[in-house]
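Working notes for the structure below.
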Amino acid sequence: MARIFAVANQKGGVGKTTTTVNLAAALAAHGQRVLLVDLDPQGNATMGSGVDKRAVPSTVYQVLVGLKTLQESRARSEQGGYDVLAANRDLAGAEVELVTLDNRERRLKDALATVETEYDFVLIDCPPSLSMLTLNGLCCAHGVIIPMQCEYYALEGLSDLVNTIKQVHAKMNRELKIIGLLRVMFDTRSTLSQQVSAQLESHFGDKVFKAIIPRNVRLAEAPSHGLPGVVFDKAAKGSQAYLSFAAEMIERIKTI
C-alpha cells in the first residue's frame, strides 16, 4: 500500500520541486517503488525528471477532469527510476473546470486509489498557493513534507501553512498530518540559519528531519540537464543529503 506525501509550502522558491524530484530519485535508489505527481502547471518537476512536458500525450490534467486514467497517463523517468504523472500549462485550466465537477477536492485521491498497490511512495509536488490543485494534493495525502529555508520570512509563512493543514485535517482528510520539516538551502556559515534552525527544533521537536540539505551548485545545475541531482552528481553534498533524507523517510514511515 502506497504512502502518499504532499510536498507543500505556500511560500514560493523554497525548494519544493527540487525536494520532490530528488527525494523520488533517492527513494528509487533505495529500492522503493515511487510515483511522482506534478501538480504545478509550470511542470518543473516533470522536466526535472527527464520527461518532456510538451511531448507527453496526457497529463494529470486529463486525469483530474476524467478524460484519461492514471494508468494511461503516467510516464517513466528512466534516469530517475520512478514513474511521473506529468504536468504542463493545460493544468492551469483545471482550476476553473474542477469547480463544476462532482467530488472536486478528491479527484486525485480517486485516481491514486487505482494504483495504490503498485507503489511504496507517492510524492505530490504542490503549487505555491492554496488552490484547488493543492487541495486535491492535501485531501489524498497521508502527510505533508514541508521544505523550508532557515530565514525569518520562512517562519512567518510556516504558521499559515500549519493552519491550512489543520483546517484540511478537520474538514476533509482526517489522516493528514505534518510528517516533518526539511531544512533546505542551508548555509552553515550564516548565524541566522543556525538560529532559525534551533528555533524549529525547539518548537517542532522530532518533526524536524535530521537530514539538512545544504546550498549546492550541482543540485541547481541538474534540472537544466533533465536529471535529478542525485543522478546528475551522486557524490555532490546536496545529493548525499537527499539520499540520507530518503533513508530517514523510509525509517519514519514505519512509525506512522
The chain, helix-only ellipticity at 222 nm - DSSP H runs n ≥ 4, -39,500 (n - 2.57), divided by all residues, nearest 500: -12000 deg cm²/dmol
Show the residues, 5+ positions off or on another chain, whose built amide H is closer than 5 Å to the amide H of Gly180. Val144, Ile146
Karplus (6.51, -1.76, 1.60) ³J(HN,Hα), θ = phi - 60°, over the range 44-60, in Hz, Gly and Pro reported as x: 5, 5, 5, 5, x, 8, x, 9, 6, 5, 7, 9, 5, x, 8, 9, 4
Find, to one decimal place in angstroms, the Kirkwood hydrodynamic radius of the range 128-256, where the mean of 1/r is taken over every pair of different Cα atoms and then inverted. 16.0
Within a 10 angstrom radius of the beta carbon, how do Val21, Val217, Val34 rank from fewest other beta carbons to most? Val217, Val34, Val21
In terms of the alpha carbon gyration tensor, root eigenvalues a ≥ b ≥ c, rounded if a/c is under 1.5 and otherwise prolate when a/b exceeds b/c or oblate, the range 21-67 is prolate
Max mean-square fluctuation residue, GNM over the chain, Cα-Cα springs under 10 Å, options Gly229, Gly31, Gly80: Gly31
Taking Tyr152, Tyr119 and counting other beta carbon atoms within 10 angstrom, the fewest-first order is Tyr152, Tyr119
Burial ranking of peptide ranges 61-67, 241-247 (average Cβ count within 10 Å, highest at the top): 241-247, 61-67
Spatial separation of Cα centroids for the range 155-182 and the range 189-239, in angstrom: 22
Contact order relative to length of the range 3-255, as percent, for alpha carbon pairs under 8 angstrom and 6 or more apart: 26
Along its principal axes, what span do the Cα atoms of the range 89-174 show, with the longest given first and each in whole Å? 40, 32, 29
Compute a Gaussian network model of the chain, connecting alpha carbons closer than 10 Å, and tell me which residue from His225, His203, His30 fluctuates the most. His203
Using the alpha-carbon centroid of each, what span in Å lies between the range 89-109 and the range 20-50? 22
Label the range 3-255 by shape, choosing from rounded, prolate and oblate, from the square roots a ≥ b ≥ c of the eigenvalues of the Cα gyration tensor; if a/c is under 1.5 it is rounded, and otherwise prolate applies when a/b is larger than b/c, oblate when it is not. oblate
Nearby lysines by direct alpha-carbon distance to Lys11 (threshold 20 angstrom, same-chain neighbours under 8 apart not counted): Lys166, Lys177, Lys207
Among the lysines, which fall within straight-line cross-link reach of Lys237, defined as a Cα-Cα distance under 19 Å, with same-chain neighbours fewer than 8 residues apart omitted? Lys16, Lys210
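Here, each number is a calculation from the coordinates, and none is a lab measurement. Keep in mind that what you see is a predicted model, and the values were worked out from it rather than measured. Don't worry about glycine lacking a Cβ; one is built from the backbone with ideal geometry, like all the others, and counts go over all protein chains shown.
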